[in-house]
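Trainee: One structure follows; several queries about it will come next.
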Amino acid sequence: MNAQVDRPIGCVALLFAMEEEGRPIAERLSLGEAEQLHEQLPARIRRGRLGSLEIIHCVNGVDPIHGVDRIGTESATLTAWLLAETCRPDLLVNAGTCGGFESRGGSIGRTYLASGDLLFHDHKVPIPGFREQGEGRIATLDTGKLANTLGIRTGVVSSGASLTARPDELEFFDREAVIAKDMEATAIGVVARDLGLPFLALKAVTDLVDHPEPSHEAFLRNLASTTARLTDHLEALLRFIEEGRSIQDLAG
Ligand code: SAH
(Lines give C-alpha, C1' and ligand atoms only; values in the text may rest on other atoms or scores of the structure.)
Protein backbone atom coordinates (compact mmCIF):
# COMPACT_ATOMS: atom_id res chain seq x y z
CA MET A 1 0.00 0.00 0.00
CA ASN A 2 2.67 2.50 -0.94
CA ALA A 3 0.83 5.76 -1.42
CA GLN A 4 1.71 8.01 -4.34
CA VAL A 5 3.11 10.90 -2.37
CA ASP A 6 2.92 13.46 -5.18
CA ARG A 7 -0.59 12.70 -6.46
CA PRO A 8 -3.73 14.43 -5.17
CA ILE A 9 -5.19 12.56 -2.21
CA GLY A 10 -8.39 10.86 -3.37
CA CYS A 11 -9.59 9.11 -0.21
CA VAL A 12 -9.16 9.91 3.48
CA ALA A 13 -10.15 7.52 6.26
CA LEU A 14 -11.02 9.07 9.63
CA LEU A 15 -10.75 6.85 12.70
CA PHE A 16 -12.40 7.77 16.02
CA ALA A 17 -12.38 5.86 19.30
CA MET A 18 -15.67 7.28 20.56
CA GLU A 19 -19.06 7.86 18.92
CA GLU A 20 -19.28 11.30 20.48
CA GLU A 21 -15.95 12.33 18.98
CA GLY A 22 -16.94 11.20 15.49
CA ARG A 23 -20.63 12.10 15.21
CA PRO A 24 -20.33 15.89 14.67
CA ILE A 25 -18.13 15.66 11.54
CA ALA A 26 -20.31 12.87 10.12
CA GLU A 27 -23.36 15.09 10.51
CA ARG A 28 -21.59 18.17 9.17
CA LEU A 29 -20.49 16.32 6.02
CA SER A 30 -23.87 14.53 5.68
CA LEU A 31 -22.17 11.15 5.44
CA GLY A 32 -24.18 8.02 4.61
CA GLU A 33 -25.73 5.47 6.95
CA ALA A 34 -23.43 3.50 9.24
CA GLU A 35 -22.51 -0.04 8.16
CA GLN A 36 -20.50 -2.66 9.98
CA LEU A 37 -16.84 -2.80 9.01
CA HIS A 38 -16.76 -6.52 9.79
CA GLU A 39 -19.65 -8.84 10.62
CA GLN A 40 -18.14 -9.85 13.98
CA LEU A 41 -16.94 -6.47 15.21
CA PRO A 42 -18.86 -3.41 16.45
CA ALA A 43 -16.74 -1.00 14.35
CA ARG A 44 -18.89 1.01 11.93
CA ILE A 45 -18.09 3.01 8.81
CA ARG A 46 -19.94 5.79 7.03
CA ARG A 47 -19.03 6.90 3.53
CA GLY A 48 -19.40 10.23 1.82
CA ARG A 49 -17.70 12.97 -0.12
CA LEU A 50 -16.39 16.44 0.41
CA GLY A 51 -16.24 17.78 -3.14
CA SER A 52 -13.80 15.54 -5.00
CA LEU A 53 -12.51 13.90 -1.81
CA GLU A 54 -13.85 10.51 -0.74
CA ILE A 55 -14.34 10.31 3.04
CA ILE A 56 -14.53 7.08 5.00
CA HIS A 57 -15.53 7.67 8.60
CA CYS A 58 -14.97 4.90 11.14
CA VAL A 59 -15.70 4.49 14.83
CA ASN A 60 -14.59 1.51 16.92
CA GLY A 61 -18.18 0.99 18.02
CA VAL A 62 -19.84 -0.01 21.25
CA ASP A 63 -18.62 -2.98 23.26
CA PRO A 64 -21.42 -5.59 23.23
CA ILE A 65 -20.73 -6.69 26.81
CA HIS A 66 -20.14 -3.37 28.58
CA GLY A 67 -22.22 -0.99 26.43
CA VAL A 68 -19.47 1.66 26.16
CA ASP A 69 -17.23 2.79 23.30
CA ARG A 70 -14.30 0.51 22.56
CA ILE A 71 -11.51 2.93 23.46
CA GLY A 72 -7.86 1.99 23.88
CA THR A 73 -4.91 0.62 21.98
CA GLU A 74 -6.18 -2.91 21.30
CA SER A 75 -9.35 -1.83 19.48
CA ALA A 76 -7.41 0.97 17.78
CA THR A 77 -4.94 -1.51 16.30
CA LEU A 78 -7.61 -3.94 15.19
CA THR A 79 -9.89 -1.35 13.62
CA ALA A 80 -7.02 0.52 11.95
CA TRP A 81 -5.73 -2.61 10.26
CA LEU A 82 -9.17 -3.73 9.10
CA LEU A 83 -10.12 -0.24 7.93
CA ALA A 84 -6.88 0.19 5.98
CA GLU A 85 -7.09 -3.24 4.36
CA THR A 86 -10.81 -2.98 3.55
CA CYS A 87 -10.98 0.60 2.29
CA ARG A 88 -7.41 1.28 1.05
CA PRO A 89 -7.41 5.03 1.81
CA ASP A 90 -4.56 7.32 0.66
CA LEU A 91 -4.38 8.86 4.13
CA LEU A 92 -5.48 7.74 7.60
CA VAL A 93 -6.40 10.36 10.22
CA ASN A 94 -6.98 9.54 13.89
CA ALA A 95 -9.03 12.37 15.35
CA GLY A 96 -9.98 12.47 19.00
CA THR A 97 -9.57 13.90 22.44
CA CYS A 98 -6.54 13.86 24.71
CA GLY A 99 -5.13 14.97 28.00
CA GLY A 100 -3.05 18.15 27.70
CA PHE A 101 -0.30 19.65 29.87
CA GLU A 102 -0.70 23.06 31.47
CA SER A 103 3.07 23.19 32.08
CA ARG A 104 3.67 23.07 28.32
CA GLY A 105 1.02 25.59 27.30
CA GLY A 106 -1.93 23.21 27.07
CA SER A 107 -5.48 24.40 27.64
CA ILE A 108 -8.93 22.89 27.30
CA GLY A 109 -10.11 22.80 23.67
CA ARG A 110 -6.70 23.36 22.10
CA THR A 111 -6.01 21.10 19.09
CA TYR A 112 -2.68 19.57 18.13
CA LEU A 113 -1.31 17.75 15.10
CA ALA A 114 1.09 15.02 16.21
CA SER A 115 4.71 15.78 15.36
CA GLY A 116 8.08 14.19 16.09
CA ASP A 117 7.72 10.60 17.27
CA LEU A 118 4.53 8.90 18.47
CA LEU A 119 5.24 7.28 21.84
CA PHE A 120 3.84 4.68 24.25
CA HIS A 121 4.26 5.72 27.90
CA ASP A 122 3.23 2.47 29.61
CA HIS A 123 5.02 -0.27 27.69
CA LYS A 124 7.91 -0.87 30.06
CA VAL A 125 10.33 -3.65 29.12
CA PRO A 126 13.84 -2.97 30.45
CA ILE A 127 15.60 -5.23 27.96
CA PRO A 128 17.57 -3.70 25.08
CA GLY A 129 15.58 -3.68 21.86
CA PHE A 130 12.28 -4.45 23.61
CA ARG A 131 12.58 -1.20 25.56
CA GLU A 132 12.78 0.81 22.34
CA GLN A 133 10.05 -1.22 20.66
CA GLY A 134 7.85 -0.65 23.72
CA GLU A 135 8.26 3.10 23.53
CA GLY A 136 7.00 3.14 19.95
CA ARG A 137 8.90 6.10 18.54
CA ILE A 138 6.94 6.02 15.31
CA ALA A 139 8.04 8.93 13.12
CA THR A 140 5.17 11.19 12.06
CA LEU A 141 4.88 13.21 8.88
CA ASP A 142 6.56 16.60 9.17
CA THR A 143 3.38 18.50 10.01
CA GLY A 144 4.81 21.94 10.91
CA LYS A 145 3.81 23.77 7.73
CA LEU A 146 0.39 22.13 7.59
CA ALA A 147 -0.30 23.10 11.21
CA ASN A 148 0.71 26.69 10.47
CA THR A 149 -1.62 26.80 7.50
CA LEU A 150 -4.50 25.46 9.61
CA GLY A 151 -3.65 27.69 12.58
CA ILE A 152 -3.17 24.83 15.02
CA ARG A 153 -0.19 23.64 17.06
CA THR A 154 2.01 20.59 16.81
CA GLY A 155 3.48 18.42 19.55
CA VAL A 156 4.47 15.01 20.79
CA VAL A 157 1.61 12.55 21.36
CA SER A 158 1.95 9.59 23.70
CA SER A 159 -0.54 6.72 24.01
CA GLY A 160 -1.24 4.21 26.76
CA ALA A 161 -3.92 1.95 28.14
CA SER A 162 -5.18 4.22 30.95
CA LEU A 163 -7.01 7.50 31.41
CA THR A 164 -5.14 7.94 34.70
CA ALA A 165 -1.35 8.45 34.95
CA ARG A 166 1.20 6.96 37.35
CA PRO A 167 4.11 9.00 38.76
CA ASP A 168 6.66 7.24 36.49
CA GLU A 169 4.47 8.12 33.49
CA LEU A 170 4.35 11.78 34.58
CA GLU A 171 8.17 11.74 34.58
CA PHE A 172 8.13 10.21 31.10
CA PHE A 173 5.81 12.98 29.83
CA ASP A 174 8.20 15.67 31.15
CA ARG A 175 11.30 13.94 29.82
CA GLU A 176 9.78 13.55 26.34
CA ALA A 177 8.00 16.94 26.38
CA VAL A 178 4.67 15.23 25.62
CA ILE A 179 1.81 17.64 24.86
CA ALA A 180 -1.00 15.14 24.27
CA LYS A 181 -1.76 11.93 26.18
CA ASP A 182 -4.29 9.63 24.57
CA MET A 183 -5.18 5.95 24.26
CA GLU A 184 -5.00 5.26 20.50
CA ALA A 185 -2.73 7.38 18.27
CA THR A 186 0.54 5.45 18.59
CA ALA A 187 -1.17 2.08 18.19
CA ILE A 188 -2.72 3.30 14.94
CA GLY A 189 0.64 4.80 13.95
CA VAL A 190 2.27 1.36 14.23
CA VAL A 191 -0.32 -0.14 11.87
CA ALA A 192 0.05 2.76 9.42
CA ARG A 193 3.83 2.41 9.44
CA ASP A 194 3.63 -1.34 8.82
CA LEU A 195 1.26 -0.80 5.90
CA GLY A 196 3.17 2.20 4.45
CA LEU A 197 0.02 4.29 4.88
CA PRO A 198 0.46 8.06 5.52
CA PHE A 199 -1.00 8.94 8.90
CA LEU A 200 -1.96 12.07 10.85
CA ALA A 201 -3.17 12.33 14.45
CA LEU A 202 -5.34 15.32 15.36
CA LYS A 203 -5.94 15.61 19.11
CA ALA A 204 -7.99 18.13 21.10
CA VAL A 205 -7.61 18.63 24.86
CA THR A 206 -10.50 17.63 27.16
CA ASP A 207 -8.52 17.56 30.42
CA LEU A 208 -5.17 18.57 31.84
CA VAL A 209 -2.92 15.74 33.04
CA ASP A 210 -0.85 18.00 35.35
CA HIS A 211 -3.88 19.61 37.01
CA PRO A 212 -5.35 18.55 40.37
CA GLU A 213 -8.83 17.91 38.94
CA PRO A 214 -9.21 14.19 38.07
CA SER A 215 -9.02 13.65 34.28
CA HIS A 216 -12.36 11.81 34.08
CA GLU A 217 -14.29 14.74 35.61
CA ALA A 218 -12.76 17.31 33.25
CA PHE A 219 -13.11 14.89 30.34
CA LEU A 220 -16.86 14.46 30.80
CA ARG A 221 -17.45 18.18 31.34
CA ASN A 222 -15.43 19.25 28.28
CA LEU A 223 -16.08 16.43 25.82
CA ALA A 224 -18.82 18.19 23.82
CA SER A 225 -17.13 21.63 23.61
CA THR A 226 -13.70 20.16 22.82
CA THR A 227 -15.18 17.89 20.15
CA ALA A 228 -16.81 20.94 18.55
CA ARG A 229 -13.35 22.55 18.23
CA LEU A 230 -11.85 19.31 16.96
CA THR A 231 -14.59 19.08 14.33
CA ASP A 232 -13.84 22.62 13.08
CA HIS A 233 -10.14 21.78 12.73
CA LEU A 234 -10.85 18.45 11.09
CA GLU A 235 -13.18 20.09 8.57
CA ALA A 236 -10.49 22.70 7.80
CA LEU A 237 -7.95 19.91 7.26
CA LEU A 238 -10.28 18.03 4.91
CA ARG A 239 -11.12 21.18 2.93
CA PHE A 240 -7.39 21.91 2.57
CA ILE A 241 -6.77 18.35 1.31
CA GLU A 242 -9.75 18.56 -1.05
CA GLU A 243 -8.10 21.41 -2.94
CA GLY A 244 -5.94 18.81 -4.74
CA ARG A 245 -3.27 18.36 -2.08
CA SER A 246 -0.86 15.42 -2.14
CA ILE A 247 0.85 13.73 0.81
CA GLN A 248 3.94 15.72 -0.12
CA ASP A 249 1.94 18.95 0.29
CA LEU A 250 0.93 17.92 3.82
CA ALA A 251 4.44 16.98 4.96
CA GLY A 252 7.15 19.59 5.14
N1 SAH B 1 -14.41 7.98 30.85
C2 SAH B 1 -14.87 8.28 29.52
C3 SAH B 1 -14.26 7.27 28.63
C4 SAH B 1 -13.20 7.70 27.69
S5 SAH B 1 -11.88 8.63 28.27
C6 SAH B 1 -16.37 8.27 29.53
O7 SAH B 1 -16.92 7.96 30.54
O8 SAH B 1 -17.00 8.59 28.49
C9 SAH B 1 -10.60 8.27 27.24
C10 SAH B 1 -10.73 8.58 25.76
O11 SAH B 1 -10.45 9.94 25.52
C12 SAH B 1 -9.70 7.79 24.97
O13 SAH B 1 -10.20 7.41 23.73
C14 SAH B 1 -8.51 8.72 24.88
O15 SAH B 1 -7.85 8.67 23.62
C16 SAH B 1 -9.07 10.12 25.13
N17 SAH B 1 -8.47 10.86 26.27
C18 SAH B 1 -8.93 12.07 26.68
N19 SAH B 1 -8.21 12.51 27.75
C20 SAH B 1 -7.29 11.55 28.03
C21 SAH B 1 -6.27 11.42 29.03
N22 SAH B 1 -6.06 12.34 29.96
N23 SAH B 1 -5.52 10.29 29.02
C24 SAH B 1 -5.72 9.34 28.10
N25 SAH B 1 -6.67 9.41 27.14
C26 SAH B 1 -7.46 10.49 27.08
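Trainee: So in the chain, what percent of DSSP beta bridges are antiparallel if you round to the nearest 5?
Mentor: Bridges in the chain are about 40 percent antiparallel.
Trainee: When ligands, DNA and RNA are left out and all protein chains stay put, how many square angstrom of accessible area per residue does region 123-193 have with a 1.4 Å probe?
Mentor: Values: 3570 Å² over 71 residues.
Ligands and nucleic acids excluded, the figure is 50 Å² per residue.
Trainee: Using only Cα atoms and rounding to the nearest 10 degrees, what angle (0 to 90) does helix 215-242 make with the longest principal axis of the chain?
Mentor: The angle comes out near 40 degrees.
Trainee: Further, regarding this structure: Rank these by accessible area, largest first, 1.4 Å probe: 12, 68, 190.
Mentor: 68, 190, 12
Trainee: Carbon-plus-sulfur fraction of the accessible area of the chain, 1.4 Å probe, in percent?
Mentor: 50 percent
Trainee: Please identify, among 204, 180, 224, the residue showing maximal mean-square fluctuation in a Gaussian network model of the chain using a 10 angstrom Cα cutoff.
Mentor: 224
Trainee: What number comes out for accessible area per residue over region 1-102 if the probe is 1.4 Å? Units Å², please.
Mentor: Counting only protein heavy atoms, the per-residue value for region 1-102 is 47 Å².
Trainee: I've got another one for you. In debye, nearest 20: dipole of the chain around its Cα centre with unit charges on the Cβ of K, R (+) and D, E (-)? Show your work: numbers first, answer last.
Mentor: Working: 25 positive and 37 negative charges, 102 e Å.
Computed charge dipole of the chain: roughly 500 debye.
Trainee: Which of 127, 65, 45 moves the most in a Gaussian network model of the chain with Cα springs under 10 Å?
Mentor: Looking only at 127, 65, 45, the largest GNM fluctuation is found for 65.
Trainee: Among 87, 58, 11, determine the one that fluctuates most according to a GNM of the chain built with springs between C-alpha atoms less than 10 Å apart.
Mentor: 87
Trainee: Starting with the highest mean, order 96-102, 31-37 by the number of other Cβ atoms within 10 Å, averaged over the residues of each peptide.
Mentor: 96-102, 31-37
Trainee: Any idea what the relative contact order of region 27-87 is, in percent, if you count C-alpha pairs under 8 Å spaced at least 6 apart? It would help to have the intermediate numbers written out before the result.
Mentor: Working: 74 pairs, mean separation 14.2, N = 61.
Relative contact order, region 27-87: 23 percent.
Trainee: Here's something else I'd like to know. Averaging sequence separations of C-alpha pairs under 8 Å and six or more residues apart, then dividing by the length of region 11-251, give the relative contact order as a whole percent.
Mentor: 25 percent
Trainee: Okay, moving on. What is the sum of charges around residue 69, taking Lys and Arg as +1, Asp and Glu as -1, for the other residues whose C-beta is under 14 Å from the C-beta of residue 69?
Mentor: -4
The values are calculated or read from the model by the stated rules, or taken from the named source; none is laboratory data. These numbers were taken from a predicted model, which means no experiment stands behind them. A quick note on method: Cβ atoms are made from the backbone with ideal geometry, for glycine too, and the neighbour counts reach across all protein chains shown. Accessible surface areas use protein heavy atoms only, side chains included; no ligands, DNA or RNA. Shrake-Rupley method; radii C 1.70, N 1.55, O 1.52, S 1.80 Å.
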